[in-house]
Amino acid sequence: MNQSTSLPLVGRSLMVASLILASANLSSAAQKFTVKMPASVSSVAFSPTGQQLAVGCADSSARLVDLASGKETVELRAHEDRVACVAYSRDGTFLATGGYDKTARIWNTRLKHFGETLRGHRGAVLSIAFSPDGKLLATGSIDGAIKLWDVATGAPRATIKGHKSWVNSLAFSPDGQMLSSASSDGTIKVWRMPYGSVKYSIDVTGSEIRSIAISPDGNILAAGIRYGTIKTWDFKTGREVSSVKAHESDVWSLAFSPDSRTLISGDGDWNKAGQVKLWNPATMELRQTLATSGEVLSVAYSADGNFMAAGCADGTVTAWPLQTKAP
């Protein structure tokens with residue numbers, strides 16, 4: 001999105017999450033639930049245990065929802081403006097938040113306290129991602145920069161520059177050797193870690209890239225693009241594999257299952273109902289479509305494959321229990 005476009009309440013952080021098998025249907029045993037938040041929901045992320053869902057809200061809070069009861073249990077206040085993105089470390093020790101106050105915070109889930117405020121961006125922090133080993137936190141901002149932080153100390157490790165506009169989404173490769181970034185300048189860049197040299201860059205001409213996700217097997221890079229297109233590439237080579245008109249509106253969020261055989265996407269127009277769609281990423285065949293009450297700004301799967309969730313601009317968070325079936 002360019003500077004002249006109105007600022008969306010979105011946390012386009014990519015939550016790479018989970019189905020154990022390739023196909024998923026709504027479970028008839030458990031019940032879907034919807035929780036109403038006090039403000040627009042920008043980002044959702046499941047804890048690795050699958051017991052909680054973190055929710056980033058436009059009222060400057062992050063909230064935790066218990067999946068067993070479907071009720072909000074914790075409210076975290078660490079920002080002076082709306083929270084744009086939330087992400088858990090792989091082991092669940094840390095929950096990171098990024099906000100429109102230009103800062104990021106790291107919550108220690110075991111000690112129940114926040115570490116140092118991560119300052120340095122000149123604009124809102126729109127995207128956030130932990131490295132697989134949990135030692136680095138990457139933040140992307142409206143200022144076009146990506147910053148790497150030491151999770152243990154909060155110290156800045158590196159600043160990566162290369163985008164000409166907002167950094168909307170970040171995703172580490174499964175081995176932690178690469179970091180991918182998506183920008184409103186229409187490019188995706190794949191950076192070598194930890195120094196930030198460019199391995200390759202993809203130019204999606206004339207498009208603003210809203211979201212990206214890397215399959216857990218490291219083979220597929222997927223991108224959600226303004227006006228409803230999803231594209232996929234061979235992550236190792238950068239070769240385009242598919243391009244599908246997947247939604248009528250912007251694809252704000254994407255997530256892969258842990259076996260890399262399911263991709264979900266969320267979309268919607270402002271003040272209108274949205275959709276969550278489940279795809280076969282190998283063929284981009286549509287498997288299932290789910291309706292939501294508001295524009296979908298974030299989607300996620302729980303790591304145990306028991307739930308899928310969507311956070312919406314109307315302040316609702318919906319979690320669907322899932323069952324799997326043999327392919």
Problem - Flag for ASP81 being under 24 Å from GLY266 (Cβ atoms), in a loop (DSSP other than H, G, I, E, B), in contact (Cβ under 8 Å) with a residue 24 or more places away in the chain and of a type in the set (Asp, Glu) - result: yes
Fill in the blank from the handout: Exception for THR109 within (1) touching a residue at least 60 places away in the same chain (Cβ under 8 Å); (2) under 15 Å from the mean Cα position of the chain (by Cα) falls at (2)
Handout entry: Matching residues in region 174-193 - criterion: being under 18 Å from ARG226 (Cα atoms), in a strand (DSSP E or B) and more than 17 Å from the chain's Cα centre (by Cα)
Key = THR187
Handout entry: All positions within region 148-173 that are within 20 Å of ILE202 (Cα to Cα) and touching a Gly at 6+ places or on another chain (Cβ under 9 Å)
Key = ILE160, LYS161, GLY162, HIS163, LYS164, SER165, TRP166, VAL167, ASN168, SER169, LEU170, SER173
Handout entry: Test: residue in region 295-316 that is under 15 Å from the mean Cα position of the chain (by Cα) and surrounded by fewer than 24 Cβ atoms within 10 Å (Cβ to Cβ)
Key = yes
Exercise for the section: Give region 205-224 a look and list any residue that's at pLDDT 95 or above and among the β-branched types (Val, Ile, Thr), or say none. Expected result: ILE209, ILE212, ILE214, ILE220
Exercise for the section: Kindly provide the set of residues from region 192-225 that are closer than 23 Å to ALA45 by Cα, buried (at least 20 other Cβ atoms within 10 Å of the Cβ) and in contact (Cβ under 8 Å) with a residue 40 or more places away in the chain, ordered by number. Expected result: ILE209, ARG210, SER211, ILE212, ALA213, ILE214, SER215, ILE220, LEU221, ALA222, ALA223, GLY224
Handout entry: Exclusive hit being farther than 25 Å from GLY134 by Cβ, more than 19 Å from the chain's Cα centre (by Cα) and of a type in the set (Ser, Thr, Tyr), set THR232, THR237
Key = THR237
Exercise for the section: Looking for whichever is within 21 Å of VAL41 (Cβ to Cβ) and among the basic types (Lys, Arg) here; the options are LYS147, LYS164, LYS71. Which one fits? Expected result: LYS71
Practice task
Might you let me know whether region 250-259 holds any residue that is under 20 Å from the mean Cα position of the chain (by Cα), at pLDDT below 95 and over 22 Å from LEU297 (Cα atoms)?
Solution key: yes
Problem - Selection from region 288-306 of residues that are of a type in the set (D, E, K, R) and closer than 17 Å to PRO48 by Cα - result: ASP304
Problem - Subset of region 235-291 (residues that are under 23 Å from GLN177 (Cβ atoms), exposed (fewer than 15 other Cβ atoms within 10 Å of the Cβ) and either aliphatic (A, V, I, L, M) or touching a residue at least 40 places away in the same chain (Cβ under 8 Å) (or both)) - result: GLY238
Practice task
Could you tell me which residue of region 148-167 is surrounded by the most Cβ atoms within 10 Å (Cβ to Cβ), considering only residues that are touching a residue at least 40 places away in the same chain (Cβ under 8 Å) and assigned to a loop (DSSP other than H, G, I, E, B)?
Solution key: TRP166
Problem - Filter result for the condition that a residue is closer than 24 Å to ALA124 by Cβ, in contact (Cβ under 8 Å) with a residue 60 or more places away in the chain and under 21 Å from the mean Cα position of the chain (by Cα), over ALA171, ALA145 - result: ALA171
Completion exercise
Among residues of region 30-54 being within 19 Å of the chain's Cα centre (by Cα), farther than 18 Å from SER211 by Cβ and not hydrophobic (A, V, I, L, M, F, W, C), the residue surrounded by the most Cβ atoms within 10 Å (Cβ to Cβ) is GLN52
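The values are calculated or read from the model by the stated rules, or taken from the named source; none is laboratory data. Note that the structure is a prediction, hence the values are computed from the model and not measured. All Cβ positions, glycine included, derive from the backbone under ideal geometry; neighbour counts span all protein chains shown.
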